[in-house]
Amino acid sequence: HAAIGIALINKQGTISLANPRLCEIIGYTEEEIKSVPILKFSHPDDINGAKVRLAELIQGKRNVFKLEKRYIHKKGHIVWTKISSAAVKNDEGDFLHIVAQIQDITETKQHQQQILDYKNLLEQSNEVAKIGTWEVSQDAEQKVFWSDTLRKILKVPKDYTPKLEEALQFYPEGEHRDKIVEALNKAIEFGENFDIEIQIKTCENNLIWVRSVGITEFKDNKCTRLYGLFQDIDEAKKLELEVALREEQFRQTFWYANVGMILLDLNGKITKAN
């Protein structure tokens, strides 16, 4: 009546006893799996690893082993399990059998895969939107995390390990470096989140515009974590600046021209006159 599957496995690696829960996990009756090698129900990709560990138990090279492995259910689908196996010996130290406890963790594995899929989808979405994420712990270690997209934005190698003391080198000295330093200090000291547009310098020494967002996490009135994102807005920002420049040029030309100028709407009404 155990809530997890239990099997006794003999020296030949076959099942000599199985409880109802194990039968339920793999979909077979006890009569169907008795005297059958336990490895017969294993996923093909997991057989070799399990075979080695079973042999080590039987040969006395180890007393216990734990691993996660897959079984093929009688209906054909995969069942993920967590196995704890131990060798049982008599008073003389001779091998008697293996006791295997088998727990169904399929649902947990599915959730883990969903989380991984969502994470990969988010990273792909961020790459399309040119958004990189970052995080800095505010403990003694001050660990720094950068996403792959952020590494691409900064043109650093994929295996580049970011260090806190090197972070400021990516900001050109002057206005933009001062701006990010001020934003970070306010975030850490006062918990002020920030959303600013600044220029950074890539590893190839090119200046690009980014939108930098920072969010703080506090505990006991102390900043414990700082995280956020960088979005590459270089093309849009340069276009915005170009439009602003042309608008200013037009404004100067319109207001200070030596001839009279007017702007008309589609109804022929004057909307502006210099």
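The values are calculated or read from the model by the stated rules, or taken from the named source; none is laboratory data. All values reported here derive from a predicted model rather than from experimental measurement. Cβ coordinates were reconstructed from backbone atoms using ideal geometry, including for glycine residues, and neighbour counts include every protein chain displayed. Side chains included, ligands, DNA and RNA excluded: accessible areas come from the protein's heavy atoms. Shrake-Rupley method; radii C 1.70, N 1.55, O 1.52, S 1.80 Å.
Screening Glu242 against (1) in a helix (DSSP H, G or I); (2) in contact (Cβ under 8 Å) with a residue 12 or more places away in the chain leaves a single unmet condition, (2).
For the stretch 91-107, the set of residues classified as in a loop (DSSP other than H, G, I, E, B) and open to solvent by less than 50 Å² (accessible area, probe 1.4 Å) consists of Gly93, Ile105, listed by residue number.
Within the stretch 53-73, restricting attention to residues that are among the aliphatic types (A, V, I, L, M) and within 34 Å of the chain's Cα centre (by Cα), the residue that is most open to solvent (accessible area, probe 1.4 Å) is Val64. Quick check: is even one residue across the stretch 11-29 over 38 Å from the mean Cα position of the chain (by Cα), in a strand (DSSP E or B), buried (at least 18 other Cβ atoms within 10 Å of the Cβ) and not small (Gly, Ala, Ser)? Yes, that holds for at least one residue. Filtered by the rule that a residue be charged (D, E, K, R) and in contact (Cβ under 8 Å) with a residue 40 or more places away in the chain, the stretch 230-239 gives Asp232, Lys237. Could you tell me which residue of the stretch 116-140 is least open to solvent (accessible area, probe 1.4 Å), considering only residues that are under 25 Å from Thr216 (Cβ atoms) and in a helix (DSSP H, G or I)? Here the residue is Asn126. Which residues, counting only those in the stretch 35-52, are at pLDDT below 90 and open to solvent by 80 Å² or more (accessible area, probe 1.4 Å)? Ser35, the sole residue that qualifies. In the stretch 74-88, the residue that is most open to solvent (accessible area, probe 1.4 Å) out of those that are outside any loop (DSSP other than H, G, I, E, B) and either under 15 Å from Ile4 (Cα atoms) or free of Cβ contacts under 8 Å to residues at least 12 places away in the same chain (or both) is Lys82. A Cβ distance below 7 Å, combined with a sequence gap of six or more or placement on separate chains, defines the contacts here; from the stretch 101-130, residues that are under 28 Å from Leu54 (Cα atoms) and in contact (Cβ under 8 Å) with a residue 60 or more places away in the chain reach residues that are surrounded by 10 or more Cβ atoms within 10 Å (Cβ to Cβ) and of a type in the set (Lys, Arg) in the pairs Gln103/Lys82.
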